[in-house]
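Below is one structure, written out as structure tokens; comments come after it.
The values are calculated or read from the model by the stated rules, or taken from the named source; none is laboratory data. Bear in mind that the values here come from a model prediction, so they are computed numbers and not experimental data. With ideal geometry, Cβ positions are generated from the backbone for all residues, glycine too; neighbour counts draw on all protein chains shown.
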There are 2 protein chains.
Amino acid sequence: MNNQIKVAIVGYGNLGRGVELSVLKNPDMSLVAVFSRRDPKSVTTINTPVYSLDNILEFKEKIDVLILCGGSKDDLPIQGPKYAEHFNVVDSYDNHAEIPAYFASVDKSCQKNKTIGMISIGWDPGMFSINRIYGEALLPDGDTYTFWGKGLSQGHSDAIRRVEGVKNGVQYTIPSTEAIDKVRSGSRPSLTTKQKHTRECFIVLKDGADSKKIENEIKTMPNYFEPYDTTVNFISQDEFDKNHNTMPHGGFVIRSGKSSDGVNQVIEYALKLDSNPEFTASVLVAYARATFRMSKKGEFGAKTVFDVAPVLLSPKSSQDLIKELL
Amino acid sequence: MNNQIKVAIVGYGNLGRGVELSVLKNPDMSLVAVFSRRDPKSVTTINTPVYSLDNILEFKEKIDVLILCGGSKDDLPIQGPKYAEHFNVVDSYDNHAEIPAYFASVDKSCQKNKTIGMISIGWDPGMFSINRIYGEALLPDGDTYTFWGKGLSQGHSDAIRRVEGVKNGVQYTIPSTEAIDKVRSGSRPSLTTKQKHTRECFIVLKDGADSKKIENEIKTMPNYFEPYDTTVNFISQDEFDKNHNTMPHGGFVIRSGKSSDGVNQVIEYALKLDSNPEFTASVLVAYARATFRMSKKGEFGAKTVFDVAPVLLSPKSSQDLIKELL
């Protein structure tokens, strides 16, 4: 259909595949291409044609929004500014400390050809950030608490896999029920990230590995595990393959505040995700719709979730939204 | 301070008083006047001057945004269109079925002098509506569930107070834990409003009243109580005064959807409010800030929460928001 929003993906890993799945659920959008640095013949998508990333500029007129699905460490710092010069782009840049610098670098590229660079889209940063801003704006006399999990942490899983004798391993971050209950009560406790979370590891040992030694090495690992209440479980490869092959995640943003003396108001936003990359992809796709519309209205420059009015995310008309959802 | 946003209130009941309290928590705003239909001398505010509503047009140049705190049944259908002709207005119009007509009527007034009419602000409609739109946009293959309570229902409390022999009474709407758990599980059940809620009444009897007869009359009241699992408790006036003199409310908006086959994603937004009118007032005040800013940018016409980008609600700069909350 000619009036569909034409989307393309750069980078086809878990996130790129999630974007392909999500576009299939949105009939007002179509996915015209996947671009990869790999040999296109070696990339198997669901049903989207794959092209070499080297040829992407040939598609300038065929794409409304480009969704960048690379990583925040190595890919996006280069790809964001590079492609924002020629396309409206949406990405999930999530290196919190570096976001202001990344925003500036994408914004500079966007100014050249009046494109939009919608950065740091997903759930944190993203939906969680929106809930932090709403919470603070509605209850200025209050505190905001972010909890992560239960969810698989890629960085911590990598760290345990580097321990000698570990064949396979995953790490789940688990929010502390006790801490959540305290926050929900409206008592506004002071809590460190460490007090809010525990860590649980599932490990498959190499033949002949010393489990006691490995458990000790993990639990005393500085920064990663030492400051936390950490549990280490040893399991078989079979159990690992059966129960630890998905990427669940989620968490909570809670704002607890007073509207007047002794009057507590608590706002809670929670996500329970079977698949972290598929949910992040769903958010990217909704914001690709908003990006297209903002671009059509003549807006340009780097943007974040904070700049996007909710109406722009829905395929429905304002009138229908007022009737059905307000 | 001259650069504060100058706000005024029309109507000083629970909601108007909540707005006065909320403005005190927002240093970038000041409350310049309360307008009342009553004799100004008979209205006692915290520290805001009170004027007769008849003189409101004399304040045209002194007010940036007027917050209408009247009721949806009799006050707003007249006041909304009337004052939107001369002022930027914000209101909490909450008669869901009539919102499209009300929107049109306010919009027509706004076009005359290019004002903004920010309608149906609060938590439902309002924050709940925003979460319904985000949920649907992020997970198009899904279902949305709204639960209300635990909270005091004004309409049902009025209904029990009309029963002969009842001296005093309140009714709380309670969301069914069983129904919420089903929805949270991702099973996407079909649930009616009745299956999602139970009703609990607390009643003080008049001398000599027949409790059995009253309990039966309440439980069999068509529409109000008959379709629901209803509990009736009889208590003393002392207990009533001690435990049932506040207006708590809250509820949940849950979106349960699939991003692909067998992959469930659940989004939950929950409010636990000690005071329904004070929270509604806090939302009105944050949207008064957004209204002022949108008006400064030259926007006009009727608007809803759907049209307001999150950045407009916060007193902080975009740069600070990106650094602190993204």
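General observations
- Odd one out for A:T144, checked against (1) within 13 Å of another protein chain (Cβ to nearest Cβ); (2) among the hydroxyl-bearing types (S, T, Y); (3) more than 30 Å from A:K258 (Cβ to Cβ): (3)
- Selected residue [of a type outside the set (G, A, S), under 16 Å from A:G301 (Cα atoms) and more than 17 Å from the chain's Cα centre (by Cα)] from A:K82, A:K60: A:K82
- Looking at region A:229-285, the strands (runs of 3 or more DSSP E) lying wholly inside it that each contain 3 or more residues that are in contact (Cβ under 8 Å) with a residue 40 or more places away in the chain sit at A:249-260, A:263-273.
- Residue that is more than 9 Å from chain B (Cβ to nearest Cβ), within 30 Å of A:E20 (Cα to Cα), outside any loop (DSSP other than H, G, I, E, B) and of a type in the set (K, R), where the choices are A:R293, A:R289: A:R293
- Candidate set from region B:92-118 (those that are more than 9 Å from every other protein chain (Cβ to nearest Cβ) and among the β-branched types (V, I, T)); member that is surrounded by the fewest Cβ atoms within 10 Å (Cβ to Cβ): B:T115
- When region A:14-48 is limited to residues that are surrounded by fewer than 13 Cβ atoms within 10 Å (Cβ to Cβ) and of a type outside the set (V, I, T), the one that is nearest to the other protein chains (Cβ to nearest Cβ) turns out to be A:P27.
- Cβ-Cβ distances below 7 Å connect no pair with a first residue in region A:27-54 that is at pLDDT below 95, a second residue that is buried (at least 17 other Cβ atoms within 10 Å of the Cβ) and among the charged types (D, E, K, R), and a separation of six or more residues or different chains.
- Single residue of region B:296-326 satisfying the filter (at the interface with chain A (Cβ under 8 Å from one of its Cβ atoms) and among the polar types (S, T, N, Q)) that is surrounded by the fewest Cβ atoms within 10 Å (Cβ to Cβ): B:Q319
- Residue match in region A:179-191 (condition: farther than 30 Å from A:G257 by Cα and within 23 Å of the chain's Cα centre (by Cα)): no
- Within region A:3-43, the residues that satisfy the criterion of being within 19 Å of the chain's Cα centre (by Cα), among the aliphatic types (A, V, I, L, M) and either within 17 Å of B:E136 (Cα to Cα) or in a helix (DSSP H, G or I) (or both) are A:L15, A:V19, A:L21, A:V23.
- Taken over region B:212-228, the criterion of being more than 17 Å from B:K194 (Cβ to Cβ) and in contact (Cβ under 8 Å) with a residue 24 or more places away in the chain is satisfied by B:K213, B:I214, B:E217.
- Candidates A:S275, A:S282, A:S259, filtered to the one that is within 30 Å of B:N14 (Cβ to Cβ), facing chain B (nearest Cβ under 9 Å) and among the hydroxyl-bearing types (S, T, Y): A:S259
- Test: B:S129 is part of a helix (DSSP H, G or I) and touching an Asp or Glu at 6+ places or on another chain (Cβ under 9 Å): no
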